[in-house]
Amino acid sequence: MAQKPLRLLACGDVEGKFDILFNRVRAIQKKSGNFDLLLCVGNFFGSTPDTEWEEYKTGVKKAPIQTYVLGANNQETVKYFQDVDGCELAENITYLGRKGIFTGSSGLQIVYLSGTESLNEPVPGYSFSPKDVSSLRMMLCSTPQFKGVDILLTSPWPKYVGNFGNSSGEVDTKKCGSALISSLAAGLKPRYHFAALEKTYYERLPYRNHIVLQENAQHATRFIALANVGNPEKKKYLYAFSIVPMKLMDAAELVKQPPDVTENPYRKSGKEASIGKQIPAPEEESACQFFFDLNEKQGRKRSSTGRDTKSSPHPKQPRKPPQPPGPCWFCLASPEVEKHLVVNIGTHCYLALAKGGLSDDHVLILPIGHYQSVVELSAEVVEEVEKYKATLRRFFKSRGKRCVLFERNYKSHHLQLQVIPVPLSRCATDDIKDAFITQAQEQQIELLEIPEHSDIKQIAQPGAAYFYVELDTGEKLFHRIKKNFPLQFGREVLASEAILNIPDKSDWRQCQISKEEEETLARRFRKDFEPFDFTLDD
């Protein structure tokens with residue numbers, strides 16, 4: 001069955017004319033049926049008095065559709081956007097943040113960059129820098145399987161976008177716009193790119209993202225600039241379109257070329273458009289919603305020692321696992337380890353029952369050597385962790401359960417990957433995901449979906465604090481810990497009414513049992529797990 005397309009609306013500069021915009025949206029929905037999202041680029045707030053906005057902010061009026069907006073383009077409107085990482089401005093109206101990736105539940109991927117271009121340091125709160133653009137590009141383009149994104153949202157136009165295309169009217173695209181955004185669009189290959197600020201409507205002919213006869217066909221990009229809301233010239237400020245997320249599309253359908261497709265405007269457009277090549281690798285920045293180790297060589301995985309992993313003609317000598325600087329409760333060779341809780345030992349990892357577990361079969365995947373987090377694991381340890389994860393999923397599935405994994409790399413010295421089984425009869429995976437997101441929002445914790453092709457090693461640098469959840473579907477949620485974080489958050493969500501309904505077990509210290517009882521549970525788990533034990537195959 002064909003995937004049902006999402007119905008979206010994109011809008012140019014609102015400039016505080018909220019009633020005009022939302023009344024127009026209501027009229028469109030009444031006539032054409034409901035849309036899924038409204039995406040606003042350009043200036044959402046204007047220089048007009050705040051009377052209208054107060055009505056939306058206080059809930060007197062409500063946006064008729066889930067609305068996502070970009071941030072400030074001038075000092076005057078910075079005050080409306082309190083959190084650089086994005087936040088809810090009013091019911092149904094959400095500020096996306098300074099820059100990042102928004103992935104919808106459907107898999108739709110939207111990349112956004114707020115503000116105007118600045119080449120000066122320090123960068124004003126309403127601007128983006130070469131580092132911002134470079135980090136966004138690296139965030140996505142560094143994986144070999146990257147094909148492009150569904151939608152790119154920026155406020156300024158990309159410089160040179162009119163090259164090889166239809167006339168852009170009174171806007172001279174050789175002088176107007178941002179060369180940094182040209183670089184971003186060239187790298188990210190969005191299927192749709194929306195911009196505003198020029199108070200005019202311009203729908204460029206679609207352009208191709210591959211070199212004909214030299215590269216395999218790729219999807220085309222449609223650039224659409226939108227006018228300002230309620231403009232007297234009645235220029236188009238609202239654009240309706242349907243889209244099936246790229247990851248759900250048949251490859252042949254995705255790369256079909258429209259009959260009016262043109263050459264890529266950024267490919268031969270002078271030195272400025274290739275500015276992306278000159279952008280220095282950015283430092284880790286607090287305002288970015290994902291962050292990468294940009295010093296790594298692109299396209300190669302690195303082991304935790306920092307050496308590139310290449311095939312060698314000489315067989316590798318087994319390395320001694322990393323040792324802790326002091327006593328550690330979880331290093332297997334350490335006298336502090338409660339050995340009676342260990343239920344399975346592999347080459348690089350082991351399984352242990354959780355002390356004070358949420359259930360009798362709540363287990364931990366732990367590296368034998370001393371590693372603080374998943375990010376620091378060497379390639380061979382990662383491989384065995386993945387093997388344990390897949391095996392535990394099969395094991396719990398055979399017992400009518402799905403498992404949830406989480407890691408908290410905060411105030412912990414040794415990686416503990418918590419694996420908690422949830423009976424299938426209790427709830428669906430979506431319920432678990434919703435519970436994590438809802439409880440995170442209640443505690444002002446920004447829990448973000450990680451793009452499917454990314455893993456934690458791409459997103460968090462060694463030493464960075466984070467919380468991470470992996471569901472049985474492979475969906476992943478990530479929070480970068482900046483200051484404080486509730487230590488029992490993962491347990492609290494899983495123990496809540498919505499999932500296991502055992503709120504009294506949210507703190508492991510309240511769930512401790514005698515050593516004899518622990519030994520009984522461990523024996524039982526070893527016996528039950530034995531048919532699935534891959535370590536016996538060697």
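The values are calculated or read from the model by the stated rules, or taken from the named source; none is laboratory data. Keep in mind that what you see is a predicted model, and the values were worked out from it rather than measured. With ideal geometry, Cβ positions are generated from the backbone for all residues, glycine too; neighbour counts draw on all protein chains shown. Only protein heavy atoms, including side chains, enter the accessible area calculation; ligands, DNA and RNA are left aside. Shrake-Rupley method; radii C 1.70, N 1.55, O 1.52, S 1.80 Å.
Just one of the listed residues (LYS387, LYS397, LYS401) is open to solvent by 40 Å² or more (accessible area, probe 1.4 Å), under 26 Å from the mean Cα position of the chain (by Cα), assigned by the TED database to the domain that holds LYS482 and of a type outside the set (Phe, Trp, Tyr), and it is LYS387. Going through the range 38-80 one residue at a time, which ones are of a type in the set (Ser, Thr, Tyr) and either more than 24 Å from ALA27 (Cα to Cα) or touching a Ser or Thr at 6+ places or on another chain (Cβ under 9 Å) (or both)? Scanning the range 38-80 gives SER47, THR48, THR67, TYR68, THR77, TYR80. Looking across LYS247, LYS271, one residue alone is buried (at least 16 other Cβ atoms within 10 Å of the Cβ), of a type in the set (D, E, K, R) and either at pLDDT below 95 or under 27 Å from the mean Cα position of the chain (by Cα) (or both). It is LYS247. Does the range 122-137 contain any residue that is within 16 Å of ASN264 (Cα to Cα), charged (D, E, K, R) and open to solvent by 40 Å² or more (accessible area, probe 1.4 Å)? No, the range 122-137 contains no residue that is within 16 Å of ASN264 (Cα to Cα), charged (D, E, K, R) and open to solvent by 40 Å² or more (accessible area, probe 1.4 Å). You will find that of PRO531, PRO486, the residue that is of a type outside the set (Asp, Glu), farther than 24 Å from LEU415 by Cβ and either open to solvent by 50 Å² or more (accessible area, probe 1.4 Å) or touching a residue at least 24 places away in the same chain (Cβ under 8 Å) (or both) is PRO531 and no other. The residue that is farthest from VAL25 (Cα to Cα), counting only those in the range 220-256 that are assigned to a loop (DSSP other than H, G, I, E, B) and among the acidic types (Asp, Glu), is ASP250. Residue count for the range 188-201 under the criterion of being open to solvent by 10 Å² or more (accessible area, probe 1.4 Å) and either among the hydrophobic types (A, V, I, L, M, F, W, C) or outside any loop (DSSP other than H, G, I, E, B) (or both): the result is 3. Considering only the range 52-74, I want to know if a residue exists there that is free of Cβ contacts under 8 Å to residues at least 40 places away in the same chain, surrounded by fewer than 15 Cβ atoms within 10 Å (Cβ to Cβ) and closer than 24 Å to THR200 by Cα. Scanning the range 52-74, I find no residue that is free of Cβ contacts under 8 Å to residues at least 40 places away in the same chain, surrounded by fewer than 15 Cβ atoms within 10 Å (Cβ to Cβ) and closer than 24 Å to THR200 by Cα, so the answer is no.
With the structure loaded, tell me whether SER47 is surrounded by fewer than 22 Cβ atoms within 10 Å (Cβ to Cβ), farther than 23 Å from ARG98 by Cβ and of a type in the set (Gly, Ala, Ser) or whether it fails that test. Can you show your working first?
Working: surrounded by fewer than 22 Cβ atoms within 10 Å (Cβ to Cβ): yes; farther than 23 Å from ARG98 by Cβ: no; of a type in the set (Gly, Ala, Ser): yes.
For SER47, the condition - surrounded by fewer than 22 Cβ atoms within 10 Å (Cβ to Cβ), farther than 23 Å from ARG98 by Cβ and of a type in the set (Gly, Ala, Ser) - is not met.
Condition first: surrounded by 15 or more Cβ atoms within 10 Å (Cβ to Cβ), within 22 Å of ALA354 (Cα to Cα) and modelled with pLDDT under 90. Can you find one or more residues in the range 451-472 that meet it? Yes, the range 451-472 contains at least one residue that is surrounded by 15 or more Cβ atoms within 10 Å (Cβ to Cβ), within 22 Å of ALA354 (Cα to Cα) and modelled with pLDDT under 90. Scanning the range 161-178 for residues that are modelled with pLDDT of 95 or more and over 22 Å from TYR237 (Cβ atoms) yields a count of 0. Only one of these is part of a loop (DSSP other than H, G, I, E, B) and of a type in the set (A, V, I, L, M): ALA185, ALA217. Name it. Step by step, each of ALA185, ALA217 is checked, and only ALA217 is part of a loop (DSSP other than H, G, I, E, B) and of a type in the set (A, V, I, L, M). Consider ILE151 carefully, then state whether it is more than 23 Å from SER178 (Cα to Cα), modelled with pLDDT of 95 or more and not acidic (Asp, Glu). Taking the combined requirement at face value, the residue does not satisfy it. Within the range 137-150, track down each residue that is under 14 Å from the mean Cα position of the chain (by Cα) and either of a type in the set (Val, Ile, Thr) or part of a loop (DSSP other than H, G, I, E, B) (or both). The answer is VAL149, and nothing else. The residue pairs whose first member lies in the range 354-382 and is touching a residue at least 24 places away in the same chain (Cβ under 8 Å), whose second member is crowded, with 22+ Cβ neighbours inside 10 Å and basic (Lys, Arg), and whose beta carbons are closer than 8 Å, counting only pairs six or more residues apart or on different chains, are LEU358/ARG491.
Suppose we keep only residues that are under 17 Å from PRO156 (Cβ atoms) and not aliphatic (A, V, I, L, M) within the range 1-44. Which one would you say is surrounded by the fewest Cβ atoms within 10 Å (Cβ to Cβ)? Top of the filtered list is GLU15.
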